[in-house]
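Asker: Below you'll find the structure I mean.
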Amino acid sequence: MPTIKHNGLEIEYGERGEGEPVVLIHGGVAGAFYWEPLVDAMLEVSERRVITYNRRGFGRSSAGTDTVTFAAEAEDLKCLLDSLGLERAHLVGHSYGGAIAITLAIDRPEVVQSLTLMEAYPLFLLPSGAAFGRQVMQSFALWPSEGAAAAINSFLRTVGGPNYPPLAPGWLEQIVADVSSGRKEGSDLREWNPTPDQLGRVTMPVLLVLGGESHTVSPVFEEGHALEKSWFPHAEEFVLPRATHALHNMNPHDLADALNAFYARNPVATQATSGES
């Protein structure tokens, strides 16, 4: 995968297809590779230019030495758009990546054609968030005694339930490498709380995606979905059947159909449609 340079860092990205640009922003543990099933499904049924990238400390993207914030990661994303010659793009953010997408939509709404948020919630704002956060931390507490693989597998089942799909060959090893990259997480995840004025800048089309089985894992997912609906009352909603938090791995084809239909309703008016592959 090629890279771009930004503030002394390298950001690794990949792209497939031609047409309107869609940028997929991965969550807090699994990097760009985790989008592969969804990218395949999207390109089977529609012409899109689908762009994935590894956030700081994932894959071959630099971890850097500074504490990472949502604002800094939104800057990275804007630099990627600029480097690829994209004036506007559809953004899709999963989990932690959704906060980055919202941040860019607030700071630079003119570059965001549409915003899709896939179970992207600030836990501390949710009634069940503290208890769920403790469960997540208990998973990572297994690392010293039981090893990295046990900790990651426990985490994936905490957020996705017992039917979380098995990882493809090589994915667990990549997750372990990424989590061990030296990336310095900021306090955003515990403190991020957009103001009404900031949220009012998000006037572009919004799609909120909820896993149809996520309620069986934790109440936080339905609580978070309701919170984001209050943030973006103009948003469309889509409940993805047969899926928990691993939305794009558990049911990529139905998700691809929903995304492609959403983009057909909200096309980019003028846009560069080709770039480096």
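The values are calculated or read from the model by the stated rules, or taken from the named source; none is laboratory data. What you see is a predicted model, and the numbers here were worked out from it, not measured in a lab. Neighbour counts run over all protein chains shown; Cβ positions are idealised from the backbone, glycine included.
Asker: Mind listing whichever residues of segment 83-128 are of a type outside the set (A, V, I, L, M, F, W, C) and within 17 Å of SER214 (Cβ to Cβ)? Step through it out loud before you land on a result.
Answerer: First, the residues of segment 83-128 that are of a type outside the set (A, V, I, L, M, F, W, C): 83, 85, 87-88, 90, 93-98, 103, 107-110, 113-114, 116, 119, 121-122, 127-128.
Residues satisfying the conditions are GLY93, HIS94, SER95, TYR96, GLY97, GLY98, THR116, GLU119, TYR121, PRO122, PRO127, SER128.
Asker: Turning to a different aspect of this structure: Let me spell it out: the conditions are (1) exposed (fewer than 14 other Cβ atoms within 10 Å of the Cβ); (2) under 20 Å from GLY28 (Cα atoms); (3) among the hydrophobic types (A, V, I, L, M, F, W, C), and LEU208 meets all of them except one. Which number is the exception?
Answerer: Of (1) exposed (fewer than 14 other Cβ atoms within 10 Å of the Cβ); (2) under 20 Å from GLY28 (Cα atoms); (3) among the hydrophobic types (A, V, I, L, M, F, W, C), only one is false for LEU208: (1).
Asker: Further question on the same structure: Give me the residue from segment 168-203 that is more than 18 Å from MET137 (Cα to Cα) and polar (S, T, N, Q) and, out of that set, surrounded by the most Cβ atoms within 10 Å (Cβ to Cβ).
Answerer: GLN174
Asker: Which one of the conditions (1) touching a strand residue (DSSP E or B) at 6+ places or on another chain (Cβ under 8 Å); (2) outside any loop (DSSP other than H, G, I, E, B); (3) touching a residue at least 40 places away in the same chain (Cβ under 8 Å) does ASP178 fail to meet, given that it meets all the rest?
Answerer: (1)
Asker: Among the residues of segment 107-126, write down those that are more than 16 Å from LEU189 (Cα to Cα) and surrounded by fewer than 20 Cβ atoms within 10 Å (Cβ to Cβ).
Answerer: ASP107, ARG108, PRO109, GLU110, VAL111
Asker: Suppose we keep only residues that are of a type in the set (D, E, K, R) and more than 19 Å from PRO109 (Cα to Cα) within segment 50-86. Which one would you say is surrounded by the most Cβ atoms within 10 Å (Cβ to Cβ)? Talk me through it step by step, then tell me what you get.
Answerer: Keep residues of segment 50-86 that are of a type in the set (D, E, K, R), which gives 55-56, 60, 66, 73, 75-76, 78, 82.
Filter once more, keeping what is more than 19 Å from PRO109 (Cα to Cα): 55-56, 60, 66.
Working: ARG55: 25, ARG56: 20, ARG60: 12, ASP66: 13.
Across segment 50-86, the extreme among qualifying residues is ARG55.
Asker: State which residue is farthest from LYS229 (Cα to Cα) when the search covers only segment 76-102 and only residues that are among the charged types (D, E, K, R) and part of a helix (DSSP H, G or I).
Answerer: If we filter segment 76-102 for residues that are among the charged types (D, E, K, R), which is where we start, we get 76, 78, 82, 87-88.
Checking the rest, the ones that are also part of a helix (DSSP H, G or I) come to 76, 78, 82.
Working: ASP76: 27, LYS78: 25, ASP82: 30 Å.
Per the criteria, the residue is ASP82.
Asker: Another one. Go through segment 7-19 and report how many residues are assigned to a strand (DSSP E or B), surrounded by fewer than 20 Cβ atoms within 10 Å (Cβ to Cβ) and touching a residue at least 60 places away in the same chain (Cβ under 8 Å).
Answerer: The qualifying residues number 2.
Asker: I'd like to verify a number: residues in segment 87-106 that are surrounded by fewer than 22 Cβ atoms within 10 Å (Cβ to Cβ) and touching a strand residue (DSSP E or B) at 6+ places or on another chain (Cβ under 6 Å), how many?
Answerer: So the answer is 1.
Asker: So which residues in segment 25-54 are in a strand (DSSP E or B), touching a Lys or Arg at 6+ places or on another chain (Cβ under 9 Å) and not basic (Lys, Arg), if there are any at all? Please lay out each step first, then the result.
Answerer: The initial filter retains those residues of segment 25-54 that are in a strand (DSSP E or B), namely 25, 48-53.
Filter once more, keeping what is touching a Lys or Arg at 6+ places or on another chain (Cβ under 9 Å): 25, 48-52.
Of everything in segment 25-54, those that are in a strand (DSSP E or B), touching a Lys or Arg at 6+ places or on another chain (Cβ under 9 Å) and not basic (Lys, Arg) turn out to be ILE25, VAL50, ILE51, THR52.
Asker: Can you pull out the residues in segment 103-129 that are aliphatic (A, V, I, L, M) and either closer than 24 Å to VAL220 by Cα or part of a helix (DSSP H, G or I) (or both)? Walk me through how you get there before you give the answer.
Answerer: Going through segment 103-129, the residues aliphatic (A, V, I, L, M) turn out to be 104-106, 111-112, 115, 117-118, 120, 123, 125-126.
LEU104, ALA105, ILE106, VAL111, LEU115, LEU117, MET118, ALA120, LEU123, LEU125, LEU126, listed by residue number.
Asker: Let me ask something additional. For VAL22, which of the numbered conditions (1) surrounded by fewer than 18 Cβ atoms within 10 Å (Cβ to Cβ); (2) in a strand (DSSP E or B) fails to hold?
Answerer: In the conditions (1) surrounded by fewer than 18 Cβ atoms within 10 Å (Cβ to Cβ); (2) in a strand (DSSP E or B), VAL22 misses (1) alone.
Asker: Also, quick follow-up: Within segment 27-79, track down each residue that is without any contact (Cβ under 8 Å) to a residue 60 or more places away in the chain and farther than 21 Å from HIS90 by Cα.
Answerer: Scanning segment 27-79 gives ARG60, SER61, SER62.
Asker: State whether the residues of segment 151-162 include one that is loosely packed, with under 14 Cβ neighbours inside 10 Å, modelled with pLDDT under 95 and out of contact with any Pro (no Cβ under 8 Å at 6 or more places or on another chain).
Answerer: Pass one, segment 151-162, residues loosely packed, with under 14 Cβ neighbours inside 10 Å: 162.
Checking the rest, the ones that are also modelled with pLDDT under 95 come to 162.
Now narrow it down to the ones that are out of contact with any Pro (no Cβ under 8 Å at 6 or more places or on another chain): 162.
So far as segment 151-162 goes, yes, one or more of its residues are loosely packed, with under 14 Cβ neighbours inside 10 Å, modelled with pLDDT under 95 and out of contact with any Pro (no Cβ under 8 Å at 6 or more places or on another chain).
Asker: Take the conditions touching a residue at least 60 places away in the same chain (Cβ under 8 Å), under 27 Å from GLY85 (Cα atoms) and surrounded by 15 or more Cβ atoms within 10 Å (Cβ to Cβ) and apply them to ASN260. Does it pass? Working first, answer last.
Answerer: Details: touching a residue at least 60 places away in the same chain (Cβ under 8 Å): yes; under 27 Å from GLY85 (Cα atoms): yes; surrounded by 15 or more Cβ atoms within 10 Å (Cβ to Cβ): yes.
Against the criterion (touching a residue at least 60 places away in the same chain (Cβ under 8 Å), under 27 Å from GLY85 (Cα atoms) and surrounded by 15 or more Cβ atoms within 10 Å (Cβ to Cβ)), ASN260 qualifies.
Asker: Residues to consider are PHE155, PHE132; find the one that is part of a helix (DSSP H, G or I) and either over 18 Å from the mean Cα position of the chain (by Cα) or free of Cβ contacts under 8 Å to residues at least 24 places away in the same chain (or both).
Answerer: Numbers: PHE155 fails: either over 18 Å from the mean Cα position of the chain (by Cα) or free of Cβ contacts under 8 Å to residues at least 24 places away in the same chain (or both).
PHE132 is the lone residue from the list that is part of a helix (DSSP H, G or I) and either over 18 Å from the mean Cα position of the chain (by Cα) or free of Cβ contacts under 8 Å to residues at least 24 places away in the same chain (or both).
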